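Engineer: Would you mind keeping the following structure in view while I ask a few things?
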Amino acid sequence: MKLAFIGMGNMAYAILKGGCDRGFFDPAQVAAYDINTARLRAVAEETGITPLTGPAEAAEWADMVLLAVKPNVIEAVVAEMGEALAGKAVLSIAAGWTTEKLRSILPEESRVLFVIPNTPCMVGEGMALAEDRSSFTEEELGYAASLFSAIGQFKLVPPSVMNGASTLTGCGPAYLYLIIEALADGAVYQGVPRKLAYELAAQTVIGAGKMVLESGLHPGELKDNVCSPGGTTIRGVRAMEDRGVRAAMMAAIDASSHNA
C-alpha cells in the first residue's frame, strides 16, 4: 500500500522513523509533502522516501494519505487536495478532527480513520488510539493497525472517551519528561552526576511502567509494595502528597483535554 504523509513535523517524523527503523516501511511505497522543503529533503535523504511538491500530488500518488498538519490548516489542505482524495483512505492524526468532523469536509467516497499517536513511536514504544467508527476497509484498517503495532501499541476506543484517553497518551510523555527531569534534579542535589541521574530516572520510569502493564497489579498496590512502614519511600510519598503531585497530574490532563 502506498502511503503519503501530508506534513513532516515531529509526530509524522516519529511515525516514519519508527516504522523505517523496525522494517515496517518499504521506502519505495512511502512519499511525503511538507511546506518546509529543506526539512522534507533532509528527511527524504535520511529515509529514502519520495519527496513530493504538493498535497494534491501526494493524494493522487497514494492509496492512503496520512494527514499530519496542524489542526488549524486541515480544511485548507483538504481543499487543496480536493477530488484527488475521492476513493482514498485518509488517516488523520490532527487533534480535534474526529471521524465525523473529517467526513464533513472530505469527498463522499473517501474513507476515514482518526488516530492520535504519541512521539515514543520513534523508539518503538508508542501508544496510538483510534476511534472505533472507521470507514476504512478491512485491509486499510489492518495496515494502520500493523503500522502502529510495529512502533508501539494500537487500540480502538469509543469516540466518547477519545478526548480524555488521547490527552493522557498524547500529552502524557511531556509530563513524564518533566517528572524524569525533576527526579534527576533530586539525585543531582544529592551529588549524582547529571548524565547518570537522567539515565537512572528514565530507566526507573520504564521499569515502573512495565510493572504496571505486566504484573496486573493496581498501581497503588505496587506503590505499597515499595513503602516499608516508617521507611524512606513512604516519607517521599508523604512529601509528594503534601506538595500536591497527584492533584497536579490530574489537573494537567484536565487542562490539556479542553483544547484537544
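The values are calculated or read from the model by the stated rules, or taken from the named source; none is laboratory data. Predicted, not measured: the structure shown is a model, and the values here were computed from it. Note that each Cβ is placed from the backbone with ideal geometry, even for glycine, and that neighbours are counted across all protein chains shown. The area values use the complete protein model at the heavy-atom level, side chains included, leaving out ligands, DNA and RNA. Shrake-Rupley method; radii C 1.70, N 1.55, O 1.52, S 1.80 Å.
Engineer: For the range 34-50, does any single residue satisfy the condition of being under 22 Å from the mean Cα position of the chain (by Cα), touching a residue at least 60 places away in the same chain (Cβ under 8 Å) and over 17 Å from Arg111 (Cβ atoms)?
Structural biologist: No, that holds for no residue.
Engineer: Further, regarding this structure: Among the residues in the range 237-260, are any touching a helix residue (DSSP H, G or I) at 6+ places or on another chain (Cβ under 8 Å), of a type in the set (Ser, Thr, Tyr) and surrounded by 14 or more Cβ atoms within 10 Å (Cβ to Cβ)?
Structural biologist: Residues of the range 237-260 that are touching a helix residue (DSSP H, G or I) at 6+ places or on another chain (Cβ under 8 Å), as a first pass: 237, 240, 246, 249, 252-253, 256-257, 260.
Now restrict to residues that are of a type in the set (Ser, Thr, Tyr): 256-257.
From what's left, surrounded by 14 or more Cβ atoms within 10 Å (Cβ to Cβ): 256-257.
Among the residues of the range 237-260, at least one is touching a helix residue (DSSP H, G or I) at 6+ places or on another chain (Cβ under 8 Å), of a type in the set (Ser, Thr, Tyr) and surrounded by 14 or more Cβ atoms within 10 Å (Cβ to Cβ), which makes the answer yes.
Engineer: For Trp97, all conditions in the list (1) part of a helix (DSSP H, G or I); (2) closer than 26 Å to Thr53 by Cβ; (3) among the aromatic types (Phe, Trp, Tyr) hold save one; what is the number of the exception?
Structural biologist: (1)
Engineer: Closer than 25 Å to Asp21 by Cβ and hydrophobic (A, V, I, L, M, F, W, C) - does that describe any residue in the range 98-107?
Structural biologist: If we filter the range 98-107 for residues that are closer than 25 Å to Asp21 by Cβ, which is where we start, we get none.
Within the range 98-107, not a single residue is closer than 25 Å to Asp21 by Cβ and hydrophobic (A, V, I, L, M, F, W, C).
Engineer: Against the definition (under 19 Å from Glu125 (Cβ atoms) and open to solvent by 80 Å² or more (accessible area, probe 1.4 Å)), how does Glu221 come out, yes or no? Full working, then the answer.
Structural biologist: Working: under 19 Å from Glu125 (Cβ atoms): no; open to solvent by 80 Å² or more (accessible area, probe 1.4 Å): yes.
Judged against the criteria, Glu221 is not a match.
Engineer: Filter the range 172-199 down to the residues that are aliphatic (A, V, I, L, M) and open to solvent by 90 Å² or more (accessible area, probe 1.4 Å) and list them by number. Steps first, answer last, please.
Structural biologist: As a first pass, look at the range 172-199 and keep what is aliphatic (A, V, I, L, M): 174, 176, 178-180, 182-184, 187-188, 192, 196-197.
Within the range 172-199, Leu178, Leu183 qualify.
Engineer: Give me the residue from the range 35-75 that is acidic (Asp, Glu) and under 24 Å from Ala150 (Cα atoms) and, out of that set, most open to solvent (accessible area, probe 1.4 Å).
Structural biologist: Keep residues of the range 35-75 that are acidic (Asp, Glu), which gives 45-46, 57, 60, 63, 75.
From what is left, the residues that are under 24 Å from Ala150 (Cα atoms) are 45-46, 63.
On the way: Glu45: 141, Glu46: 97, Asp63: 72 Å².
Restricting to residues being acidic (Asp, Glu) and under 24 Å from Ala150 (Cα atoms), the top hit is Glu45.
Engineer: Scan (1) surrounded by 23 or more Cβ atoms within 10 Å (Cβ to Cβ); (2) within 28 Å of Thr167 (Cα to Cα) for the single condition Ala95 breaks and write down its number.
Structural biologist: (1)
Engineer: Inside the range 117-138, can you point out the residues that are over 18 Å from Ala68 (Cα atoms) and either open to solvent by 60 Å² or more (accessible area, probe 1.4 Å) or in a strand (DSSP E or B) (or both)?
Structural biologist: Val123, Glu125, Asp132, Arg133, Glu138
Engineer: If I filter the range 139-149 for residues that are assigned to a helix (DSSP H, G or I), at pLDDT 95 or above and among the acidic types (Asp, Glu), do I get at least one hit? Outline the logic, then answer.
Structural biologist: Let us first name the residues in the range 139-149 that are assigned to a helix (DSSP H, G or I), namely 139-149.
When the remaining residues are screened for being at pLDDT 95 or above, the result is 139-149.
Narrowing further to those that are among the acidic types (Asp, Glu): 139-140.
Yes, the range 139-149 contains at least one residue that is assigned to a helix (DSSP H, G or I), at pLDDT 95 or above and among the acidic types (Asp, Glu).
Engineer: Looking at Leu156, Leu141, can you tell me which residue is touching a strand residue (DSSP E or B) at 6+ places or on another chain (Cβ under 8 Å), open to solvent by less than 80 Å² (accessible area, probe 1.4 Å) and on the phi < 0 side of the Ramachandran plot?
Structural biologist: On the way: Leu156 fails: open to solvent by less than 80 Å² (accessible area, probe 1.4 Å).
The conditions single out Leu141.
Engineer: Being within 18 Å of Leu156 (Cα to Cα) and either without any contact (Cβ under 8 Å) to a residue 40 or more places away in the chain or out of contact with any helix residue (DSSP H, G or I) (no Cβ under 6 Å at 6 or more places or on another chain) (or both) is the filter here; which residues of the range 102-116 pass it? Steps first, answer last, please.
Structural biologist: Residues of the range 102-116 that are within 18 Å of Leu156 (Cα to Cα), as a first pass: 102, 111-116.
Within the range 102-116, Leu102, Arg111, Val112, Leu113, Val115 qualify.
Engineer: Pick from the range 107-116 the residues that are in contact with a strand residue (DSSP E or B) (Cβ under 6 Å, 6 or more places away or on another chain) and either assigned to a loop (DSSP other than H, G, I, E, B) or charged (D, E, K, R) (or both): which of them is most open to solvent (accessible area, probe 1.4 Å)?
Structural biologist: Among them, the one singled out is Arg111.
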